[in-house]
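Colleague: The structure's right below; bear with me while I get my questions together.
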Amino acid sequence: MNTETTPAGLSLRDLDIGYRRDRPILQQLSFDIVPGEVLAVVGPNGSGKTTLFRTLLGVLPPIGGQAMVAGRQPAEYRRLHGVGYLAEDTVLPPGWTCDGLLALAAAAAGPAADIERARRLAGVDFDTGGLADKLSKGMRRRLALAMALMQPTALLFLDEPESGLDPGQRIRLRRRIEEIRGRITILVASHDLGELAMMSDRVLLIEEGGGRVVQQPEGGFTREFLEAEFLGLEGAVP
């Protein structure tokens, strides 16, 4: 696998996504994701955030329009370069030890894999000799995050990454994103507007079957600004 970590740019043109051609979940998405930026994806439950990620990962084909990653179809890009992905509800297989899952992720990641680095970045500071399905929710989340960060990557998808993390781990996650900002293109979906305000360059606001990109105001995003945008309130100020 290519271990090149030049940030990947994405291009969406009239993109329609969903599971049925006659019933798209999101329509007419047209915008570019700048290499190295952190793009937050915000929307109500069921609005299509995870579906968008699956489409950009190349797991789900679009039902209209086009999505490209660094000039390639998403599935082709993922095959050639690899992509980091933390799913919203990661299910760890029963009967596996944490060490076994970390080793499996390292084998899949290839020669650039670094288990100790991934453990450190994800905050896996607990005993990993036991069964993964015996861990608490927060520990399972940190283990899954370590698996997603197993190799250097140019593109990283984080779907509700803070789910199950305590405040300290949320801070550590944000600091990691700040550390790699500019070197990796990151798409992060979350309901925590405060965390998004501190980590994002731009925000994709999903609404009414479509989406609009919100530019960062002068002075940067704040929770209040994003809440006003999300709720459609007038007079949002940073």
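Colleague: Hey, any hits in the stretch 30-37 for a residue that's closer than 21 Å to residue 190 by Cα and surrounded by fewer than 15 Cβ atoms within 10 Å (Cβ to Cβ)? Before the answer, list the steps.
Modeller: Narrowing the stretch 30-37 to residues closer than 21 Å to residue 190 by Cα: 31-37.
Then keep just the ones that are surrounded by fewer than 15 Cβ atoms within 10 Å (Cβ to Cβ); that gives 32, 34.
For the stretch 30-37, residues closer than 21 Å to residue 190 by Cα and surrounded by fewer than 15 Cβ atoms within 10 Å (Cβ to Cβ): present.
Colleague: Here is a list of conditions, (1) more than 30 Å from residue 125 (Cα to Cα); (2) surrounded by 16 or more Cβ atoms within 10 Å (Cβ to Cβ); (3) of a type outside the set (Val, Ile, Thr); (4) modelled with pLDDT of 90 or more, and residue 157 meets all of them except one; can you say which number that is?
Modeller: Among (1) more than 30 Å from residue 125 (Cα to Cα); (2) surrounded by 16 or more Cβ atoms within 10 Å (Cβ to Cβ); (3) of a type outside the set (Val, Ile, Thr); (4) modelled with pLDDT of 90 or more, the lone unmet condition for residue 157 is (1).
Colleague: If you don't mind, there's one more thing I want to ask. Can you tell me which residues in the stretch 73-129 are among the charged types (D, E, K, R), surrounded by fewer than 19 Cβ atoms within 10 Å (Cβ to Cβ) and under 17 Å from residue 140 (Cβ atoms)?
Modeller: Restricting attention to the stretch 73-129, the residues satisfying the condition of being among the charged types (D, E, K, R) are 76, 78-79, 88-89, 99, 114, 116-117, 119-120, 125, 127.
Narrowing further to those that are surrounded by fewer than 19 Cβ atoms within 10 Å (Cβ to Cβ): 76, 78-79, 88-89, 99, 114, 116-117, 120, 125, 127.
Once the filter is applied, which keeps residues that are among the charged types (D, E, K, R), surrounded by fewer than 19 Cβ atoms within 10 Å (Cβ to Cβ) and under 17 Å from residue 140 (Cβ atoms), the stretch 73-129 yields 88, 89, 99, 125, 127.
Colleague: Please work out which one of (1) assigned by TED's automatic domain parsing to the domain that holds residue 109; (2) surrounded by fewer than 17 Cβ atoms within 10 Å (Cβ to Cβ); (3) not hydrophobic (A, V, I, L, M, F, W, C) is the condition residue 142 fails and give its number.
Modeller: Looking at each condition in turn, residue 142 falls short on (2).
Colleague: Taking the condition assigned by TED's automatic domain parsing to the domain that holds residue 198, surrounded by fewer than 18 Cβ atoms within 10 Å (Cβ to Cβ) and assigned to a strand (DSSP E or B), does residue 22 pass? Don't jump to the end; show me each part of the working.
Modeller: Numbers: assigned by TED's automatic domain parsing to the domain that holds residue 198: yes; surrounded by fewer than 18 Cβ atoms within 10 Å (Cβ to Cβ): yes; assigned to a strand (DSSP E or B): no.
Taking the combined requirement at face value, the residue does not satisfy it.
Colleague: Could you say which residue among 218, 179, 234 is at pLDDT 85 or above and not in a strand (DSSP E or B)? Before the answer, list the steps.
Modeller: Details: 179 fails: at pLDDT 85 or above; 234 fails: at pLDDT 85 or above.
Only one candidate passes the filter, namely 218.
The values are calculated or read from the model by the stated rules, or taken from the named source; none is laboratory data. All of these numbers come straight from a predicted model, not from anything done at the bench. So basically every Cβ, Gly included, is an ideal-geometry build from the backbone, and we count neighbours across all protein chains shown.
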